[in-house]
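The values are calculated or read from the model by the stated rules, or taken from the named source; none is laboratory data. Fair warning: this is a prediction, and the values are worked out from it, not measured in the lab. Here the Cβ positions follow ideal geometry from the backbone for every residue, glycine too, while neighbour counts run over all protein chains shown. Areas reflect the complete protein model, heavy atoms only, side chains present, ligands, DNA and RNA absent. Shrake-Rupley method; radii C 1.70, N 1.55, O 1.52, S 1.80 Å.
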Amino acid sequence: MIYDVKNETLPREDMERLQLGRLQALCERVYANVPFYKKKFDEKGVKPQDIKSLKDITLLPFTVKQDLRDQYPFGLFAVPKDQIVRIHSSSGTTGTATVVGYTKRDIENWGELMARSLAAAGASAADTVHNAYGYGLFTGGLGAHYGAEALGATVVPISGGATKRQVTLLRDFAPDVICCTPSYALFLAETGLEMGIDVRDLPLRIGVFGAEPWTNEMRQDIEKKLGITAIDVYGLSEVMGPGVAIECHEAQDGLHIQEDHFLAETIDPATGEPVGPGEEGELVFTTLTKEGIPLIRYRTRDLTTLNTVPCKCGRTTTRMKRVTGRSDDMLIIRGVNVFPSQIESILIETKGLTPHYQLIVEREGNLDTLEVQVEVTESMFSDEIKSLQREESKVMKNIKEFLGVTAKVKLVEPKSIERSMGKAKRIIDNRKKD
Ligand SMILES: [Zn+2]
């Protein structure tokens, strides 16, 4: 079902006309109300009235995460504080937290966009949504919650953690939809089996997963282990939260960007120049309607490719390829670029291994070393040591062959890698400690 037929199926020219009008109004707004942007515009010698076509967006300055940190907490807000009705904030685990504020209309728009997203995933007003995203300052929990309510569905606001209780409620409340991180979905299925509850036997039919990058192989694994359709949702708190883009269940082929609210570009991360159509680049968003904290050309650090071909689901919005790497997550091991997602693909394709893994990077002398720790399945673990060693060298060989990097592979006991209730911690980089 398409939730907002008018806006999700606009012909390209109509969409571009709508975007241009909103972009022009946005530039006027931030220039007048946000001293940070007035200064940035002036430094670049650009005035709001210079934006005469969508292509003119390249005249505008970029915004990066550090700008939000520098303006901590409220320096980028574009409305007086009395119009802000809610604050969210990033955890700040890698530096000063970033803070975002929402007006009443921002919250309404977010609910509508997340309702669109749940509908695209295949959910309807008749469904019950088990929402295991964390509630609180993190945008996942309340974002999905308001969307499910706007859709008219029944929400179970369980939040993260208390995993056994989650499994019990999956059985007792029989939800149709679950929202959480993909790694937590696998943990729930695993915990269920320990409790004698096979999630595959429950009515659950859709999972809406996000907040951490994941691969197609992991999708297949989740679909098999939970007996559901696994849908990728994309968002980031700086731009809004979950619901910026969503896969449709009909195609599962790229995420539809809510383009009437977010103008997407892809750029070369090194030069900042736009990349050609169909080429991979860093995803950049301009928020067209946000009032509380509108952002101009926000660099997400996520790498993707944009596709403007209309989809078989009937939506005409531009699709972004699923994000499997964030330019921040990229590891450079002895000069070779490695994304955790590439290693994950190799692990999942190897029989007897699970998607629970961790990458440990050290520096010995001047040389970087990479160790891949991955859990084996129970049956594999009970095998003799020789066959474990054989698997280890097979994975090492595949990593060397496909990624061009030498890694030490260590197969570890089932359930020995710490489970996360939110985003899985995939990388331990000990090089940064000194
Ligand atoms: Zn579609």
Whole-percent pair-distance distribution, where bins are 5 Å wide, for the alpha carbons of the stretch 202-269
4, 15, 24, 23, 18, 10, 5, 2, 0, 0
If the convex hull of the alpha-carbon atoms of the stretch 367-434 is projected onto planes in all directions, what is the mean projected area in square nanometres?
6.2
Would you mind pulling out the separation of the Cα centroids of the stretch 129-171 and the stretch 212-251, in Å?
16
Rounded Å value of the spacing that divides the Cα centres of the stretch 181-210 and the stretch 1-73
40
Helix 35-44 sits at what angle to the longest principal axis of the chain, using alpha carbons and giving 0 to 90 degrees rounded to 10?
80
Connecting every pair of Cα atoms under 10 Å apart in the chain and solving the GNM, the largest mean-square fluctuation among 216, 398, 366 falls on 366
Accessible area per residue, Å², the stretch 119-162 with all protein chains present, probe 1.4 Å
31
Given the whole protein assembly as supplied and a 1.4 Å probe, what does the accessible area of residue 334 come to in Å², nearest 10?
130
Principal-axis tilt of helix 139-151 within the chain, Cα atoms, nearest 10 degrees
70
For residue 54 and residue 384, what is the calculated FRET efficiency with R₀ set at 60 Å and r taken between the beta-carbons, to the nearest 0.05?
0.45
Treating every alpha carbon of the stretch 306-434 as one equal point scatterer without solvent, the Debye formula yields log10 I(q)/I(0) values at q = 0.13 Å⁻¹ of -0.63
Go through 40/312; 65/225; 224/400; 224/394 and tell me which ones have a Cα-Cα distance over 32 Å in this structure.
40/312; 65/225
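Determine the share of the stretch 21-79's accessible area contributed by carbon and sulfur atoms, expressed in whole percent, with a 1.4 angstrom probe.
After summing per-atom areas, the C and S share lands at 53 percent.
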Listed peptides 236-247, 68-79, 201-212 by packing density, highest first (mean Cβ within 10 Å)
236-247, 201-212, 68-79
Rounded to whole Å, give me the distance from the Cα center of the stretch 252-307 to that of the stretch 386-434.
32
Between 0 and 90°, nearest 10: helix 385-403 axis offset from the chain longest Cα axis
30
Carbon and sulfur: what percent of the stretch 151-210's accessible surface (1.4 Å probe)?
51
Whole-Å semi-axes of the stretch 199-330's equivalent ellipsoid, largest first, each the root of 5 times a Cα gyration tensor eigenvalue?
26, 16, 15
Looking only at lysines whose Cα falls under 17 Å of residue 104's and that sit 8 or more positions away or on another chain, we get 81, 290
Sorted from largest down, what three extents in whole angstroms do the Cα atoms of the chain have along their principal axes?
72, 57, 40
So, R0 is 35 Å and r is the distance between the beta-carbons of residue 410 and residue 279; what FRET efficiency does that work out to, to 0.05?
0.40
Write down the accessible area per residue of the stretch 1-57 in Å², having rolled a 1.4 Å probe over the full set of protein chains.
58
Take each of the peptides 221-230, 382-391, average the number of other beta-carbon atoms within 10 Å over its residues, and list them starting from the highest.
221-230, 382-391
Please give the charge dipole size of the stretch 119-276, origin at the Cα centre, charges +1 on K and R Cβ atoms and -1 on D and E Cβ atoms. Round to the nearest 20 debye.
760
Accessible solvent surface per residue of the stretch 304-434, calculated while the other protein chains remain in place, 1.4 angstrom probe, Å²
55
How large is the dipole of the chain about the Cα centre if only Lys and Arg carry +1 and Asp and Glu carry -1, each at its Cβ, rounded to the nearest 20 debye?
660
